[in-house]
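Quick notes on the structure that follows.
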Amino acid sequence: MVLPADGLIQLTPEGLYCPAAEAWIDPWRPVSRALITHGHADHARPGCSEYWAVRAGEGVLRQRLGAGITLTGVDYGEVRRLGGAMVSFHSAGHVLGSAQIRISAGGESWLISGDYKRDEDPSCAPFEPVAADVLITEATFGLPIYRWRPGRQVAAEILAWWREAPQQPSLLFAYAFGKAQRLLAELAALGVEEEVLLHGAVQALMAPYRSAGVVLPPTRPLSELPRGESLAGRLVIAPPSAHRSPWMKRFKAPQTAFVSGWMAVRGARRRRGFERGFALSDHADWDGLLRTVRDTGAGQVYVTHGNSDGLARFLREERGLAAEPLGRAFEGLESEEGEMEGAAAASVP
Amino acid sequence: MQAFADLIQQLERAAGTRSRVDALANHLEAVGPADGAWALALLLGKRKRRLITGRRLRQICLERSGLPEWLFESCHAQVGDSAETIALLLPQLSLPPAPPLELPLAEWMEHRLPALAVLEAEAQAEAVLATWAALPDGQCFLFNKLLTGGFRVGVAAGLVTRALAQVSGLEEAELAHRLMGGFEPSAAAMEALLAPLEADATAPISRPYPFCLASPLEAERLAASDPAGWQVEWKWDGIRAQLIRRSGQTFLWSRGEELINASFPELEPVAELLEPGTVLDGELTVWPAQATQPAGFGPLQRRLGRQKPGAALLRECPAAFVAYDLLEKGGQDLRPDPLSQRRAALEDLVRRLPETASTPAAGLLRLSPLLPLGCWDDLEALRQQARSVGAEGLMLKALDSAYGVGRRRGLWWKHKLEPMELDVVLLYAQAGSGRRANLHTDYTFGLWDGDGRLVTFAKAYSGLDNSEITELDRWIRRHTTERFGPVRAVDPLQVFTLGFEGLQRSSRHRSGLAVRFPRILRWRRDRTPESADSLSSALALLVTSAR
């Protein structure tokens, strides 16, 4: 299913496009003007002449796309005119500086959700419900088997897991941008004040979070720890790509765990070869997706990513909404968070 | 049941063998004999009875949740397991809160679950829903598994016996032996299992010995030894079995510890000729009395699983027991003796049989012949003859070795023939289950027929490494042409070399051929689909493999 050719938002080879605003949303290729929902690599790509994003995400974007990019920062909720359209960014609760983008023109409004979640997260602003006529939503975890427990509760289990192994290093694998900082913020909220060691990829994201005022425990890059200093009882956070890489040679008999929404399923836990899997996600779970669709009041829904077919069918048949998957166009995109689970991220033929 | 649920979780999480064995031993000690017996039976996979079908459980879940069935199917495809899918969907059922329910595992297995199973439709649904509401998260999955009979834990039997040894102070081999021939869980059975040696007077007369198993040949290790120290035999292409004659009764056990007397009634007369307290290790084959070699695996397959074979089948596919070894003589365990002595005793036993045997017993008990081997250089030529005598390769056993428990690398080697090979084209793929849920790992392959069409020929599940599986999975998703439920038809572009042990004609398969033990040997990225093999090349192999 492709978006209507004369609609406010259209699908072009570069990605979602709004002719009225002469702007693309999270384009896949370099374009003249890009509206960015958030800084993950599958949403923010380099090479565009002009970027628009929320101020809270500016630090991360400049760091990832280059300090010299032309970037217009806007505040959450601030309405700006772009060509013939009104554009506003609204908090998505996904990661620091993440946004849903609302575009209206000619009496019609569209909301592009980007990635979002409804759960509490001390490392970023909470999701803001926004009304729109048409919604384009993600469905990364668009199955009713996915239902998240509160992040604080999962963090408490992670803390217990760490505390139970004072003799060995505890290696926690989590996405470097977003998940890692959320975990650190949750640990701080649980009273953790001791230093946590970080892989370089996680370290790179710490400055934007600290300058945004997120309360975090002290951290240090692992590389700055003197050689020979014991790692027993230390918590180390690294991106999943570091698992079984030469980087791990430094650890003698560590315990390992992976934090991801995919860990809700036993088979996925066993397949990945981590000793523990903690199910925690920065995406909406099934109930979160349905609630968001309801909150927007949209009569027309387009679904991208993950189980886009299934969510669209459910909305159509069980909720009586006009809903279609935009699956094909969004398939095969390497998601920064989904990189480890290409199989699950792409489920449409 | 919480203790057992915790154990399962510990086993899944524990990294090393040591901690898994410790977890098992701690659990067995902590829960006492009744729950321990059930834990043991479940861990060893000796309890697979289905009390409620997965379909019924799903129906109860769906009726309550109001979720459409197709959505359940999508969830199942992602999870790869019904019991777990249902457990994950329980929050969608908005069950009323109930006081937590904690009962011993034995209580569940012996009373609660069987009682649920016999309830009528509506009462059953209500009872299941009430149980779900009362069980903590981790136990719902276990409850579903135990109810639907699909419980399996990834823990090797060897680890379980090691834990039992740790708990009881007995040898692992002794415990493996005591566990043979079925374990009916009860506190008494558990106590008997762990009883000190002298107290174990209650061994059932049917109890088989643990089979000694061979490892694939490591030629370098063998070359360093003297050929004269080895017994060389054909590796017969049947099923491994143990024939027991004790106290006037006969017990024929398969390697899977199934009692199969009833399927092979013709062996009874010859078993009756054995002196009391005799146990033979051997191969069950279909081997007509006058034939010089067995009839192959196909005819044997017709006999397996047939509880009471008819007269015609008995005539067409007569069975024979080919003896490899003598494990017990006059009630005495010969396993510690060197193979050379056991073999001499076996030959003596078989030699004396025909003198007393009446004609119907002739050819029913055969001695696996010894093969002469002067030097290691002759080994290959010998192996190449295997197919022509109806064997699948060679066995090499150290003459001075005792009969071990399980696979003890270095004493017994198997040296099978190279598999037959064909280059085939991937046609369909289906997601696996468990660890492979949501990964396409079940493949169907085709060969070219005379009209330039690809005909399905074989299925294979294994042979690729993890990175190849992931890569192929991506490829399959991008090249799906059609979907039939969980099965995807793909562009016929990928070629694989398929290895298999044998071929036979089959009217049930579209290609007219059935393959034995197919597995992927190589992913042939260098090959185009046009260069794949045809049905006629498969038929040519059929001719060479038929004798």
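Numerical summary
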| item | result |
| --- | --- |
| Conditions (1) more than 12 Å from chain A (Cβ to nearest Cβ); (2) in a strand (DSSP E or B); (3) surrounded by 16 or more Cβ atoms within 10 Å (Cβ to Cβ); (4) within 26 Å of the chain's Cα centre (by Cα); number of the one not met by B:L464 | (2) |
| Residues of the stretch B:375-424 classified as β-branched (V, I, T) and within 30 Å of B:W448 (Cβ to Cβ), total | 1 |
| The stretch B:266-291, subset surrounded by fewer than 17 Cβ atoms within 10 Å (Cβ to Cβ) and free of Cβ contacts under 8 Å to residues at least 40 places away in the same chain, residue nearest to the chain's Cα centre (by Cα) | B:E268 |
| Strands (runs of 3 or more DSSP E) enclosed by the stretch B:383-454 - at least 2 residues per element that are surrounded by 18 or more Cβ atoms within 10 Å (Cβ to Cβ), within 14 Å of another protein chain (Cβ to nearest Cβ) and at pLDDT 85 or above | B:420-431, B:440-448 |
| Unique residue being of a type outside the set (V, I, T) and over 18 Å from B:L88 (Cβ atoms) when the list is A:A253, A:A264, A:A279 | A:A253 |
| Answer residue from the stretch A:303-349, given it is under 11 Å from A:A139 (Cα atoms) and β-branched (V, I, T) and is modelled with the lowest pLDDT among those | A:T304 |
| Helices (runs of 4 or more DSSP H) wholly inside the stretch B:53-164 that include at least 2 residues being away from every other protein chain (no Cβ under 12 Å) | B:54-65, B:113-117, B:121-134, B:137-148 |
| Only listed residue being more than 25 Å from the chain's Cα centre (by Cα) and buried (at least 21 other Cβ atoms within 10 Å of the Cβ), chosen from B:R303, B:R342 | B:R342 |
| Filtered residue count, the stretch B:76-87, keeping only those that are surrounded by fewer than 24 Cβ atoms within 10 Å (Cβ to Cβ) and farther than 14 Å from B:G54 by Cα | 1 |
| Qualifying residue in the stretch A:140-156 (condition: farther than 22 Å from A:D287 by Cβ and surrounded by 22 or more Cβ atoms within 10 Å (Cβ to Cβ)) | no |
| Members of the stretch B:1-20 that are away from chain A (no Cβ under 12 Å) and assigned to a helix (DSSP H, G or I) | B:Q2, B:A3, B:F4, B:A5, B:D6, B:L7, B:T17 |
| Residue within the stretch B:355-362 that is within 25 Å of B:S215 (Cβ to Cβ), exposed (fewer than 13 other Cβ atoms within 10 Å of the Cβ) and at pLDDT below 90 present | no |
| Matching residues, the stretch A:132-157, being of a type in the set (S, T, N, Q) and either touching a Leu at 6+ places or on another chain (Cβ under 7 Å) or in contact (Cβ under 8 Å) with a residue 40 or more places away in the chain (or both) | A:T137, A:T140 |
| Pairs where the first residue, in the stretch A:38-53, is within 20 Å of A:D75 (Cβ to Cβ) and at pLDDT 95 or above and the second is of a type in the set (D, E, K, R) and buried (at least 24 other Cβ atoms within 10 Å of the Cβ), C-beta under 8 Å, 6+ apart | A:H38/A:D115 |
| Subset of the stretch A:188-211 (residues that are free of Cβ contacts under 8 Å to residues at least 24 places away in the same chain and either buried (at least 23 other Cβ atoms within 10 Å of the Cβ) or in contact with a strand residue (DSSP E or B) (Cβ under 8 Å, 6 or more places away or on another chain) (or both)) | A:G200, A:Q203 |
| Some residue of the stretch A:7-21 being closer than 14 Å to A:F89 by Cβ, of a type in the set (V, I, T), surrounded by 15 or more Cβ atoms within 10 Å (Cβ to Cβ) and in contact (Cβ under 8 Å) with a residue 24 or more places away in the chain | no |
| Residues within the stretch A:158-187 that are assigned to a helix (DSSP H, G or I), surrounded by 19 or more Cβ atoms within 10 Å (Cβ to Cβ) and in contact (Cβ under 8 Å) with a residue 60 or more places away in the chain, tallied | 9 |
| Selection count where residues are buried (at least 24 other Cβ atoms within 10 Å of the Cβ) and either over 13 Å from the mean Cα position of the chain (by Cα) or over 18 Å from A:G73 (Cα atoms) (or both), scope the stretch A:95-110 | 3 |
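The values are calculated or read from the model by the stated rules, or taken from the named source; none is laboratory data. Bear in mind that the values here come from a model prediction, so they are computed numbers and not experimental data. Every residue, glycine as well, gets a Cβ built from its backbone with ideal geometry; the counts of neighbours run over all protein chains shown.
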